[in-house]
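Contents: one structure, followed by commentary.
Since every read-out is calculated from the coordinates, none of them should be taken as a lab result. Here the structure is a predicted model, which is why all the values come from computation and not from measurement. Glycine also receives a Cβ, built like all others from the backbone with ideal geometry; neighbour counts cover every protein chain displayed.
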Amino acid sequence: MTPDRPTASTEGAPPKISVDAVSKVFPVKDGEFVALDRVSLDIAENEFVTVVGPSGCGKSTLLNVLAGLEEPSGGRATVDGVEVDGPGPERGVIFQQYALFPWLTVRKNVEFGLRTAGVPARERAERADHFIRLVGLEQFADALPKTLSGGMKQRCAIARAYAVDPSILLMDEPFGALDALTRVRLQEQLLETWSQDRRTVVFITHDVDEAVFLANRVVVMAARPGRIQEVVDVDLPYPRTEDVRLSPEFGELRNRVWHAVYHQSTSLAQPSTTTA
Amino acid sequence: MTGVAVLPRRRAASGRQGAGGGRRMLVLNIVSVLFGIGVWWLLSATVENIPSPPAVAERGWELLADGTLEGDILASLTRVIAGFAIGTALAIPVGFLMGWYSTVRGLAEPYIQFFRTIPPLAIIPLAIVLMGIGETPKIFVIALAAFLVCVISAFQGVVDVDRTLINAARVLGAGDRTIFLRVVVPASTPFILVGMRVGLGSSWATLVAAELIAAQQGLGFRMQNAQVYYDLPTIFVGLITIGILGLVMDRILLFAERKLTSWQERR
Ligand SMILES: Nc1ncnc2c1ncn2[C@@H]1O[C@H](COP(=O)(O)OP(=O)(O)OP(=O)(O)O)[C@@H](O)[C@H]1O
Ligand SMILES: [Mg+2]
């Protein structure tokens, strides 16, 4: 059932992120719910990995384990060889619901992590300005989140995560709530920054096109229990342009991933809960 | 009493209308008040015993001129402000602690739930026996009334803080202390301010009743005294003063609420 342990495409180097037989079990009314069942995955430094799968297959749970917001029930996750134990500044997280502090302006939101890190006010302002400009929100630096559109809010959240300079970005369906055009723009922008600073990115999405367009590797998950179904390598060149998106190779990969996501729902076997 | 009466308008009022809409509302309000005074005047002309508006205004003027009304207002306001300040100053930390530490919640909840079911006025006899008839029992029941309302909203405010915001702060390196001060406190401010406004209304209601029972000065006392002499104009002056003061204090808090929570998304 569990596929062979998928390894990073860069041979030799130790993985940046290593997920080793991680399970997560939630207690529910009539027993337990297995959200993750012995998930194993290695992610190399500078890799861009996307995770797709049906709703409820444990994508967010996996990301929360990596973020240190959720403790695994079994197995372990390591970052740079150190076991994950709570959140850390080397891992930036971008949430689906933006999670901006509504009482703070864009600038203050971006500065939040720098303040907790004790960065002095002047440097804080400079760095915040830099990242606000990077995501193109300089005209809204002093605006409150309620006055921003969805895409602008997500850009602010991205700037806030970038500001603390994490080496890993964990993104949970960051563009899920955006319209198609804004989404494509943000995808391209994200790839552009990634190709410059080469962070390691774990990006969760519902959208198969998005998964293939962004990634070095697409991890397809299946539900009940949450597990890795298939890992698809994406050998498309960067920068990924519109041409790449329209190429037959892209279409082929897309079909493969789509098949892996779609096909599993017909081969559902296991019940979701086991009585304790 | 007055404070509570204007509460339901909060939502509607915060869905801001244009300046023109605001002016229209003001005109309507004034028309309505004038109409009410007209009805009162008519009533006083037909029904025996009801004093006319000029008679009440005249009595108000007399009471102001000899300093009685000022003295009463001062006595009442001092009590309500002291009680309200003590009540909310205790309620906010207790509510926060209850929301943040489940142990505190478990320990405090039975008492709060129990005392909530007892109208603060019912505590007055006990308070008088235990604390005498001075200012202490009055301020105590007023503080209790404000506390019980405000503690619940502070607690609710903390419990309702969006988990995602707390997680967002955690991944940005915030520890418990920072999360509390920079996420939980601002996120629960709207709840607390609403609780304070309701608490003020209930302080005010309790004040008048406390003065009806035992006082030498104050608006409630003045009305009680006037009742003995069938002095209806004085009773009217007392009622109108209480209403106006309550309204003014409520508006001040409403203004503070608008200022402090303008970041909220309007649904
Ligand atoms: N705290 C919890 N208690 C009980 N069950 C939970 C809890 N958190 C998550 N689950 C369950 O675990 C499963 C996986 O949840 P998760 O949020 O990881 O799914 P997901 O793949 O991110 O789904 P989506 O695409 O809809 O966001 C879901 O079925 C959910 O009901
Ligand atoms: Mg999810």
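Dimensions of the stretch A:149-263 along the principal axes, based on C-alpha atoms and rounded to the nearest Å, stand at 39, 36, 27, largest first. Projected onto its three principal axes, the C-alpha set of the stretch A:100-165 covers 30, 22, 17 Å, listed from the longest axis down.
Please label the shape of the stretch B:97-234 as rounded, prolate or oblate, based on the square roots a ≥ b ≥ c of the eigenvalues of the alpha-carbon gyration tensor (a/c under 1.5 means rounded; beyond that, a/b larger than b/c means prolate, else oblate). It comes out prolate by the Cα gyration axes. 3J(HN,Hα) along the stretch B:124-132: 3, x, 4, 4, 5, 4, 7, 10, x Hz, from the Karplus curve 6.51 cos²θ - 1.76 cosθ + 1.60 with θ = phi - 60°, whole Hz, x for Gly and Pro. Can you give me the angle between helix A:106-116 and the longest principal axis of chain A, using Cα atoms only, in degrees from 0 to 90, rounded to the nearest 10? The helix A:106-116 is inclined about 70 degrees to chain A.
Relative to the longest principal axis of the Cα atoms of chain A, the long axis of helix A:248-264 makes an angle of roughly 60 degrees.
In chain B, taking the dipole from charged Cβ atoms about the Cα centre, the farthest positive-side position among B:Thr68, B:Val158, B:Met249 is held by B:Val158. Counted by Cβ distance under 14 Å from A:Glu188, the other residues give a net charge of 0, where Lys and Arg count +1 and Asp and Glu count -1. Pair-distance distribution of the protein assembly as shown: all C-alpha pairs, bin width 20 Å, starting at 0; shares per bin in whole percent are 18, 38, 25, 15, 4, 0. In this structure, the amide hydrogen of A:Val201, modeled 1.01 Å from its nitrogen in the peptide plane, lies closer than 5 angstrom to those of A:Glu47, A:Phe48, A:Val49, A:Leu169, counting only residues at least 5 positions away or on a different chain. For A:Val93, the amide hydrogen comes within under 5 Å of the amide hydrogens of A:Leu170, counting only partners 5 or more places away or on other chains and with H modelled in the peptide plane. Multiplying the sequence separation of A:Asp243 and A:Ala13 by 0.36 nm and subtracting their Cα-Cα distance, what value in nm do you get? Length difference between fully extended and current span is 79.6 nm. Rounded to the nearest 10 degrees, the inclination of helix B:53-65 to the longest alpha-carbon principal axis of chain B is 80 degrees.
Our analysis of the stretch B:22-118 gives Rg over Rh at 1.24, with the two radii drawn from alpha carbon positions and Rh computed by the Kirkwood formula. The GluC sites (Glu not before Pro) of the stretch B:36-116 meeting both criteria, a DSSP state outside H, G, I, E and B (loop) and at most 14 other C-beta atoms within 10 angstrom of the site's C-beta, are B:Glu48.
As an exercise, use a Förster radius of 41 Å and the Cβ-Cβ distance of B:Ala89 and B:Ser52 to find the FRET efficiency, rounded to the nearest 0.05. The calculated FRET efficiency here is 0.40. Under 27 Å of direct C-alpha separation, and excluding same-chain neighbours fewer than eight residues apart, A:Lys29 reaches these lysines: A:Lys59. Rounded to the nearest 20 debye, the dipole size of the stretch B:33-161 about its Cα centre is 520 debye, using +1 on the Cβ of Lys and Arg and -1 on the Cβ of Asp and Glu.
When the stretch B:52-260 is described by a simple charge dipole with +1 on each Lys and Arg Cβ and -1 on each Asp and Glu Cβ, the residue from B:Val228, B:Gly201, B:Leu260 located farthest towards its positive end is B:Leu260. Here's the picture: charge each Lys and Arg Cβ at +1 and each Asp and Glu Cβ at -1 in the protein assembly as shown, and of B:Leu97, B:Thr78, A:Ala13 the one pushed furthest to the positive end of that dipole is B:Thr78. Extending 7 Å from Cα along the Cβ direction at A:Asp235 and again at A:Thr193 yields two label points whose distance is 3.1 nm. Of all aspartates and glutamates in the structure, the ones whose alpha carbon falls short of 19 Å from that of A:Lys24, not counting any fewer than 8 places away in one chain, are A:Glu32, A:Asp37, A:Asp42, A:Glu70, A:Glu71, A:Glu83, A:Asp85, A:Asp172. Remark: relative contact order (chain B) = 28 percent; criterion is Cα-Cα distance under 8 angstrom and separation of 6 or more residues. Using Cα springs under 10 Å in a Gaussian network model of chain B, which residue among B:Gln217, B:Gln113, B:Gln156 shows the largest mean-square fluctuation? Result for chain B, Cα springs under 10 Å: B:Gln113 fluctuates most. Sites listed here are trypsin sites (Lys or Arg not before Pro) in the stretch B:152-248 whose DSSP assignment is loop and whose Cβ has at most 11 other Cβ atoms within 10 Å, and the list is empty.
GNM, chain B, Cα, under 10 Å: largest mean-square fluctuation among B:Trp100, B:Trp41, B:Trp204? Checking each option, the largest mean-square fluctuation is seen for B:Trp41.
In the elastic network of chain A, a GNM with C-alpha springs shorter than 10 Å, the most mobile of A:Val84, A:Val28, A:Val202 is A:Val28. With 10 Å bins beginning at zero, the pair-distance distribution over Cα atoms of chain B amounts to 6, 24, 28, 23, 13, 5, 1, 0 %.
Shielding of peptide B:158-168 by partners, expressed as the average count of other chain Cβ atoms within 10 Å per residue Cβ, is 4. Taking θ as phi - 60° and the Karplus parameters 6.51, -1.76 and 1.60, the scalar couplings of the stretch A:148-162 work out to 9, 7, x, x, 5, 4, 5, 5, 5, 4, 5, 4, 5, 6, 4 Hz in sequence order, x denoting glycine and proline. Taken one residue at a time, the phi angles of the stretch A:127-140 give Karplus couplings (6.51, -1.76, 1.60, θ = phi - 60°) of 5, 4, 4, 4, 6, 5, 5, 4, 9, x, 10, 4, 6, 10 Hz. Gly and Pro are set to x. So what is the relative contact order for chain A, in percent, with contacts set as C-alpha pairs under 8 Å and at least six apart? Normalised by residue count, the contact order of chain A is 26 percent. Taking amide H positions as modeled 1.01 Å from N, with prolines and chain starts lacking one, no residue 5 or more places away or on another chain lies under 5 Å from A:Gly68.
Share of Cα-Cα pairs in the stretch A:1-125 beyond 22 Å, in percent? For the stretch A:1-125, the share of Cα pairs beyond 22 Å comes to 47 percent.
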